[in-house]
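Notes for the one structure printed next.
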Amino acid sequence: MTPSFENLLVTGGCGFIGANFIRHLLHETGFSGRIVNLDLLTYAGNPENLAGVAEDFPDQYVFVHGDVADEATVEAVFDAHRVDAVCHLAAESHVDRSILSPEEFLRTNVTGTFRLLEAARRRGVRFHHVSTDEVYGSLVTGLATEQTPYRPASPYAASKAASDHLVRAYHATYGLFATISNCSNNFGPYQFPEKLIPLMILRALLGQELPVYGDGKNVRDWLHVTDHCRALWEVLVRGQAGETYNVGGGEQLDNLAVVRQICALVDEAAGPLASGPRENLVRFVPDRPGHDFRYALSVEKIRAELGVAPRETFEAALAKTVAWYLENPAWVARVESGEYREWIKANYEGREKGAS
Ligand code: NAD
Ligand code: TDX
């Protein structure tokens, strides 16, 4: 289906999912319009995640260094680039950081979403909001559907819940063409190694201890990022105004099982350690405060209404992900040493934010 828009604003495009999504748009969808990537380049934003994109697609891709919570920046971007659709991914995204320092989460996730909604409603621009299954809170049994009441437990989840409510309010009150997707735990290339899977891959490779929170029995629903990107595109193009779509991988595993699989894959790829299998590196550490026990999503609605279902199996996608981290030592080294920040300083700091 041909999209009804030509100038798509993607926020947070230098992050993990944003970068995968921009690559997906350019390589897999046949989208011939322009992509404007508005990103503040926080610690999680790495322009190297989009290496080659500006050079390969000079007429289709533009980067703007700026803050979604800054009204003047957002207004200027909408006007300068004649934005006619938004896919909003920019966020503070890590639960542990939200426990240590919640304020930035409110600014970016709540105020930032509000600024974008204001700009979109004034111009009648279609708006897609990327959210999380964490808004539903921990489940005892069964699957969360789009009707499950919100019960966020962490400051991160609460900030995402607040932003979801704002999006719904803008649809109900102003008639904004808005959609929301709530997805489960993503994994794949370019994920910052603070999240479970890349953290464990890189620590296992180096033979470092593997910190598993609590007893490792907490369950997550794993979604390969390419399956998420396909779903986002379908919702952007064919989603119905005011609707919410869950996007999950359908494979729920406890954390210890995930870490053990990673250990086995790294043992196989890198050879065993002299001290024995990497599984011996697992250390049970004090639990995350308010740690949600279990997430699991019903993905029936998006399958029935938009024909979207995951294609990857967890096992095969995890093997590909381990291979990606092993095959990209330069990316890993620059992230781990902090050198990717030097590149950002040289290229963007001192330049006016909001200037492309
Ligand atoms: P990420 O942390 O890897 O990337 C976030 C990006 O947003 C970075 O490029 C960062 O520089 C940018 N950013 C942060 N604050 C900004 C601001 N004020 N203005 C402009 N840009 C800003 O995050 P991710 O894992 O790619 O997640 C993307 C979205 O998907 C988020 O909205 C997140 O809540 C949601 N989500 C993620 C997952 C997951 O498993 N990673 C699961 C469900 C939902
Ligand atoms: O060192 C660790 N040890 C550990 O046991 C880390 C970093 C995590 N964990 C556990 C906590 C969780 O139960 O692993 C599970 C996954 O943790 P994270 O990777 O931090 O993800 P989670 O907290 O589940 O949130 C993720 O999925 C939903 C994303 O970070 C969110 O942005 C998304 O909304």
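The values are calculated or read from the model by the stated rules, or taken from the named source; none is laboratory data. Fair warning: this is a prediction, and the values are worked out from it, not measured in the lab. A quick note on method: Cβ atoms are made from the backbone with ideal geometry, for glycine too, and the neighbour counts reach across all protein chains shown. Only protein heavy atoms, including side chains, enter the accessible area calculation; ligands, DNA and RNA are left aside. Shrake-Rupley method; radii C 1.70, N 1.55, O 1.52, S 1.80 Å.
Tell me yes or no: at least one residue of region 199-207 is in contact with a strand residue (DSSP E or B) (Cβ under 8 Å, 6 or more places away or on another chain), within 16 Å of ligand 1 (Cβ to nearest atom) and touching a residue at least 40 places away in the same chain (Cβ under 8 Å).
Yes, some residue in region 199-207 is in contact with a strand residue (DSSP E or B) (Cβ under 8 Å, 6 or more places away or on another chain), within 16 Å of ligand 1 (Cβ to nearest atom) and touching a residue at least 40 places away in the same chain (Cβ under 8 Å).
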Report summary line: Scanning region 173-183 for residues that are more than 14 Å from THR244 (Cα to Cα) and hydroxyl-bearing (Ser, Thr, Tyr), the one most open to solvent (accessible area, probe 1.4 Å) turns out to be TYR174
Report summary line: Checked TYR156, TYR136, TYR213, TYR170 against criteria (more than 10 Å from ligand 2 (Cβ to nearest atom) and either open to solvent by 10 Å² or more (accessible area, probe 1.4 Å) or at pLDDT below 95 (or both)); the one match is TYR170
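Kindly indicate whether VAL130 is in contact with a His (Cβ under 8 Å, 6 or more places away or on another chain), surrounded by fewer than 21 Cβ atoms within 10 Å (Cβ to Cβ) and not in a helix (DSSP H, G or I).
Details: in contact with a His (Cβ under 8 Å, 6 or more places away or on another chain): yes; surrounded by fewer than 21 Cβ atoms within 10 Å (Cβ to Cβ): no; not in a helix (DSSP H, G or I): yes.
So VAL130 fails the test.
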Query - Looking only at region 75-89, and only at residues there that are more than 12 Å from ligand 2 (Cβ to nearest atom) and part of a loop (DSSP other than H, G, I, E, B), the one that is most open to solvent (accessible area, probe 1.4 Å) - result: ARG82
Query raised in the report: Is there any pair linking a residue in region 107-118 that is of a type outside the set (Lys, Arg) to one that is within 7 Å of ligand 1 (Cβ to nearest atom) and in a helix (DSSP H, G or I), with Cβ under 8 Å and at least six apart or on different chains, and which?
Result: ASN109/LYS160
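Yes/no matrix, rows are residues, columns are (1) under 29 Å from ALA333 (Cβ atoms); (2) not charged (D, E, K, R):
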{"site": "ASP39", "(1), (2)": "yes, no"}
{"site": "ALA44", "(1), (2)": "yes, yes"}
{"site": "GLU48", "(1), (2)": "yes, no"}
{"site": "HIS81", "(1), (2)": "no, yes"}
{"site": "LEU89", "(1), (2)": "yes, yes"}
{"site": "ASP96", "(1), (2)": "yes, no"}
{"site": "THR108", "(1), (2)": "yes, yes"}
Report task. Just need a number here: residues in region 25-59 that are open to solvent by 30 Å² or more (accessible area, probe 1.4 Å), within 16 Å of ligand 1 (Cβ to nearest atom) and over 23 Å from LEU116 (Cα atoms). Result -> 3
